[in-house]
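J.: So that we are looking at the same thing, I have put the structure below in structure tokens.
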Amino acid sequence: MAANAQGVAEAPFVWHPATTAEAVQLKASLGAEGVFAAGGTLLRTQWESGLAAMPNHLINIGAIVELQGLQLDVGSGRGSFGAMMTLSDIRTSPIVNTRFPLLTEAARSIAAPSIRNLATIGGNVLSMVGDSLPALLIYDPVLHWHDGSSGLEEPLSDWLSTAAAHPAWKERLLLSVSLTEPALDSNTKRFVAYHKVGRRDAFTPSVVTAAFSIQLDPDNRLRDVRLAFGGGQTIPHRLETVEQFLIGKPADKKIITEVYSMIVEHYEPKGDAFVPVSYRKKAAANLIASELWKAAR
Ligand SMILES: Cc1cc2nc3c(=O)[nH]c(=O)nc-3n(C[C@H](O)[C@H](O)[C@H](O)COP(=O)(O)OP(=O)(O)OC[C@H]3O[C@@H](n4cnc5c(N)ncnc54)[C@H](O)[C@@H]3O)c2cc1C
């Protein structure tokens, strides 16, 4: 392996563990010198833009069978997505589309097909700002890790709220993400939508990514309201204050007008030099208000 004057490898040494135990063991022995690589699409972008240095060792987790595919338990409505499942596989899976349609839509909206053929759900989640996250947050997602000695489970929302401040997770291997289908109450209708709003330039991060799931009962009252937002550098999250406000309310003009103002007040996106916070708030509020109108009609 050739090294430059700073002792950093010009091309990393690539390891190919066959099991999760082997991968975690490699990471433990290589420490910060070794980085897990799934599809490599985000890592590549980070190296090219100078956001991260190319490491001396890459631990390619692509051949580990335990990290592949989708396991579905029809009885409990629970689906377990292997961390190495690609966004293309998710986008084209009829089962995912039937059970978790927001995830199908999210996968469709991410990058171009050539990238989606490599990019994994695990890598998208661990980017902390991936466009799959608002869709995943609708389905009570749980992350399953291998931490070297045992398995570890953690709700995705807990991990998202602490990941930036507590980077200990970088030593672990993400095994899978499990989702649960929301139960449909009798006599109610479910409405779901996923939107990614971006600028016209190719490959710029989205301005707002929103996922929406509600049920309407026969009296046109809202049940089981779930709203999640992300986009740009905003860490995706559910807007629980607004969800609680909407539950039991009628889907009418007065409530939709109120919910617009509430989203503008409570949603706290990150702005940047191109798209200010105020614009992102209004875009998010408009998306939800328009979906409520459609459902009410
Ligand atoms: C041209 C282009 C366009 C893009 N457009 C979008 C877009 O529209 N929306 C979007 O959300 N993203 C986009 N991306 C970013 C990227 O493609 C996705 O986030 C992708 O899902 C990352 O997955 P990956 O498998 O390639 O991750 P990798 O690059 O392999 O890994 C990403 C990070 O996660 C870690 N990691 C990966 N898997 C595991 C695991 N199982 N356990 C522990 N650590 C792990 C890696 O160490 C690394 O730090 C784009 C990228 C490119 C190059």
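Values in this text are rule-based calculations from the coordinates and carry no lab data. Computed from a prediction, not measured in an experiment: that's the story for all the values here. Cβ sites come from the backbone with ideal geometry, for glycine too, and all protein chains shown count toward neighbours.
J.: Relative contact order of the chain: what whole-number percent is it, with Cα pairs under 8 angstrom and at least 6 residues apart? Walk me through the numbers on the way to the answer.
T.: Values: 574 pairs, mean separation 39.2, N = 297.
Taking the mean separation of contacting Cα pairs over the length of the chain, I get 13 percent.
J.: Now, a different point. Length gain on complete extension for the stretch Ile235 to Ala112, per 0.36 nm per residue less the alpha carbon to alpha carbon distance?
T.: Details: separation 123, 0.36 × 123 = 44.28 nm, distance 2.26 nm.
Taking 0.36 nm per residue and subtracting the Cα distance, the gain is 42.0 nm.
J.: Apply the a/c threshold of 1.5 to the C-alpha gyration tensor of the stretch 155-297 and tell me whether it is rounded, prolate or oblate. Kindly include the intermediate steps, with their values, before the conclusion.
T.: Working: a/c = 2.10, a/b = 1.32, b/c = 1.59.
Because a/c hits 1.5 or more and a/b fails to exceed b/c, the stretch 155-297 counts as oblate.
J.: Among Lys27, Lys282, Lys253, which one shows the highest mean-square fluctuation when the chain is modelled as a Gaussian network with alpha-carbon springs under 10 Å?
T.: Answer for the Gaussian network model of the chain: Lys253.
J.: Using the structure shown, list the pairs from Lys189/Lys253; Lys170/Lys282; Lys27/Lys196; Lys196/Lys254; Lys27/Lys270 with a Cα-Cα distance above 30 Å, or answer none. Intermediate values should be presented prior to the final figure.
T.: Details: Lys189/Lys253 19 Å; Lys170/Lys282 35 Å; Lys27/Lys196 35 Å; Lys196/Lys254 26 Å; Lys27/Lys270 33 Å.
In this structure, Lys170/Lys282; Lys27/Lys196; Lys27/Lys270 exceed 30 Å between Cα atoms.
J.: Here's something else I'd like to know. By how many degrees, between 0 and 90 and to the nearest 10, does the Cα long axis of helix 20-30 differ from the longest principal axis of the chain?
T.: Helix 20-30 sits roughly 60 degrees off the main axis of the chain.
J.: While we're on this one: Measure off 7 Å from each Cα along the Cα-to-Cβ vector at Leu152 and Ile247, then give the distance between these two points in nanometres to one decimal.
T.: For Leu152 paired with Ile247, the spin-label model returns 3.0 nm.
J.: List the residues of the stretch 160-185 whose backbone N lies under 19 Å from a point placed 7 Å from the Cα of Ala52 along the Cα-to-Cβ direction.
T.: Once the point is set 7 Å along Cα→Cβ of Ala52, 160-177 turn out to lie under 19 Å by backbone N, inside the stretch 160-185.
J.: Also: Angle, helix 277-296 long axis vs. longest principal axis of the chain, Cα atoms, 0 to 90°, nearest 10?
T.: Rounded to the nearest ten degrees, it is 50.
J.: Also, I was wondering about something else. I'd like the distance separating the alpha-carbon centroids of the stretch 248-266 and the stretch 221-237, in whole Å.
T.: Centre-to-centre (Cα) distance: 14 Å.
J.: Still on this structure, I have one more. Output the 0 to 90 degree angle, nearest 10, between the alpha-carbon long axis of helix 253-266 and the longest principal axis computed from the alpha carbons of the chain.
T.: Tilt of helix 253-266: around 30 degrees.
J.: Using a Gaussian network model of the chain whose springs link C-alpha atoms within less than 10 Å, name the residue from Phe13, Phe81, Phe229 with the highest mean-square fluctuation.
T.: Phe13
J.: Next question. What is the sum of charges around Val259, taking Lys and Arg as +1, Asp and Glu as -1, for the other residues whose C-beta is under 12 Å from the C-beta of Val259?
T.: Working: positive: Lys249, Lys253, Lys254; negative: Glu243, Asp252, Glu258, Glu265, Glu291.
Net local charge, Val259 excluded: -2.
J.: Please give the Cα centre distance for the stretch 59-116 versus the stretch 276-297, rounded to the nearest Å.
T.: Taking the Cα centre of the stretch 276-297 as reference, the centre of the stretch 59-116 is 28 Å away.
J.: Collect residues whose amide H, placed 1.01 Å from N in the peptide plane, falls under 5 Å from the amide H of Asp272; neighbours closer than 5 in sequence don't count.
T.: The list, which skips near neighbours in sequence, is Val277.
J.: Would you look at the GNM of the chain, springs on alpha carbons closer than 10 Å, and say which of Asp224, Asp272, Asp89 moves the most?
T.: Asp272
J.: Another one. So what is the calculated 222 nm ellipticity per residue for the chain, using -39500 (n - 2.57) for each DSSP H run with n of 4 or more, over all residues, to the nearest 500 deg cm²/dmol? Intermediate values should be presented prior to the final figure.
T.: On the way: 12 runs with 104 residues, N = 297.
Computed mean residue ellipticity for the chain: -9500 deg cm²/dmol.
J.: I would also like to ask the following. If you take every DSSP beta bridge fully contained in the chain, what fraction is antiparallel? Give it as a percent rounded to 5.
T.: 85
J.: Continuing with this model, one more query. Give me the number: length gained by fully extending Asn220 to Glu171, i.e. 0.36 nm times residue separation minus the C-alpha to C-alpha distance, one decimal in nm. Show your work: numbers first, answer last.
T.: Values: separation 49, 0.36 × 49 = 17.64 nm, distance 4.84 nm.
Extra length available between Asn220 and Glu171 comes to 12.8 nm.
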